[in-house]
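Chemist: This is the structure I want to talk about, given as structure tokens.
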Amino acid sequence: MSEPILSVSDLHVNYGRVQAVRDTSFDVPEGGLVTLVGSNGAGKTSVLAATSGLVRPRSGRITFLGQDVTRWSAHRRVSAGIVLVPEGRQILSTLTIEENLQLGGWRRRQSGARIGQMYDRFPVLAQRRRQLAGTLSGGEQQMLAIGRALVAEPRVLLMDEPSMGLAPKMVDEVFAVIESVRAEGVTVVLVEQNARRALTVADTGHVMETGSIAHSGPANELLEDPRVVKAYLGME
Ligand code: ATP
């Protein structure tokens, strides 16, 4: 087995007295698609926040390409290739679509060419490049958030609930983008409440419950695991 591109080891994240994540470890192979699923408040967002440098873990280690990045700033991690598509998209609604994409490339040379590629990839953004991002629909804003992250040339793309709140057709489009990004060689860590869809596209899944990983395995096996079906897939 080759070395994982990203490893999370014995991660603990606290917010004051709230223990959001404990004893959480998993590896992400280069080019892989790993999903974290689980109910609201299970700690998935906090794992991504610690991995991207937005929160400092209480303890544990994040290793990227063999380097310990646990104490690196968020922007240094972006430069190295760890890029987050945050929950709720977090696009800047009073800037234009083009300006939002430019923000993704602020630490990259020749980001203009990458922005051009995003317009090829998401024609709806090209048509509306001079409009304010706040005028986009929720699904279009999600495409912009993904496009902004891709302009930063990720080696590992961390995606937090990209399908949340979207109409079924847009959910399909978001998952198609996730699969195409992965097919281009970008490693993906996907946090999703839509466990069935996430496990369908992923290689490996981890089910988080109250701050730690309760079940892990090949995603296709988790889809059939009676414990996972009962808790997360049965009602869909
Ligand atoms: P969701 O799907 O709702 O985002 P999640 O699985 O991503 O859930 P987290 O958002 O990581 O879970 O939250 C884990 C726990 O940490 C929850 O109990 C949550 O209330 C708490 N928490 C998250 N962020 C903060 C914060 N900034 N301050 C205090 N508690 C927080």
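Chemist: Within region 1-82, considering only strands (runs of 3 or more DSSP E) that don't extend past its boundaries, which have at least 2 residues that are within 20 Å of GLY205 (Cβ to Cβ) and over 17 Å from the mean Cα position of the chain (by Cα)?
Modeler: So the answer is 4-15, 18-29.
Chemist: With among the small types (Gly, Ala, Ser), at pLDDT 95 or above and on the phi < 0 side of the Ramachandran plot as the only criterion, which of ALA198, ALA152 stands out?
Modeler: ALA198
Chemist: Ok, one more. Say whether the condition of being part of a loop (DSSP other than H, G, I, E, B) and either touching a residue at least 12 places away in the same chain (Cβ under 8 Å) or open to solvent by less than 10 Å² (accessible area, probe 1.4 Å) (or both) is met by at least one residue in region 171-178.
Modeler: So far as region 171-178 goes, no, none of its residues is part of a loop (DSSP other than H, G, I, E, B) and either touching a residue at least 12 places away in the same chain (Cβ under 8 Å) or open to solvent by less than 10 Å² (accessible area, probe 1.4 Å) (or both).
Chemist: Then there's this: Can you tell me which condition GLY185 does not meet? The list is (1) touching a helix residue (DSSP H, G or I) at 6+ places or on another chain (Cβ under 6 Å); (2) open to solvent by less than 60 Å² (accessible area, probe 1.4 Å); (3) more than 23 Å from THR24 (Cβ to Cβ), and all the others hold.
Modeler: (1)
Chemist: Let me ask you something else. Given the options ARG108, ARG148, name the one that is charged (D, E, K, R), surrounded by 15 or more Cβ atoms within 10 Å (Cβ to Cβ), within 15 Å of SER52 (Cβ to Cβ) and out of contact with any Ser or Thr (no Cβ under 7 Å at 6 or more places or on another chain).
Modeler: The match here is ARG148.
Chemist: Oh, and also: Among the numbered conditions (1) in contact with a Leu (Cβ under 8 Å, 6 or more places away or on another chain); (2) over 17 Å from PRO154 (Cα atoms); (3) within 16 Å of the ligand (Cβ to nearest atom), tell me where GLY38 comes up short.
Modeler: Going through (1) in contact with a Leu (Cβ under 8 Å, 6 or more places away or on another chain); (2) over 17 Å from PRO154 (Cα atoms); (3) within 16 Å of the ligand (Cβ to nearest atom) one by one, GLY38 breaks only (1).
Chemist: Next question. Return the pair list, or none, for Cβ contacts closer than 6 Å from residues in region 194-216 that are touching a residue at least 60 places away in the same chain (Cβ under 8 Å) to residues that are hydroxyl-bearing (Ser, Thr, Tyr), at least 6 apart or on different chains.
Modeler: Pairs that qualify, where the first residue is touching a residue at least 60 places away in the same chain (Cβ under 8 Å) and the partner is hydroxyl-bearing (Ser, Thr, Tyr), are ALA195/TYR232; ALA198/THR35; ALA202/THR35; GLY205/THR35; HIS206/SER216; SER212/THR24; ILE213/THR24.
Chemist: Which of the residues belonging to region 29-83 are surrounded by 21 or more Cβ atoms within 10 Å (Cβ to Cβ) and among the aromatic types (Phe, Trp, Tyr)?
Modeler: Matches in region 29-83: PHE64 only.
The values are calculated or read from the model by the stated rules, or taken from the named source; none is laboratory data. Only a predicted model underlies this, so the values are computations on that prediction, with no experimental measurement involved. Ideal geometry is used to build each Cβ from the backbone, glycine not excepted, and the neighbour counts take in all protein chains shown. Side chains are part of the model used for accessible areas, which takes the heavy atoms of the whole protein and leaves out ligands, DNA and RNA. Shrake-Rupley method; radii C 1.70, N 1.55, O 1.52, S 1.80 Å.
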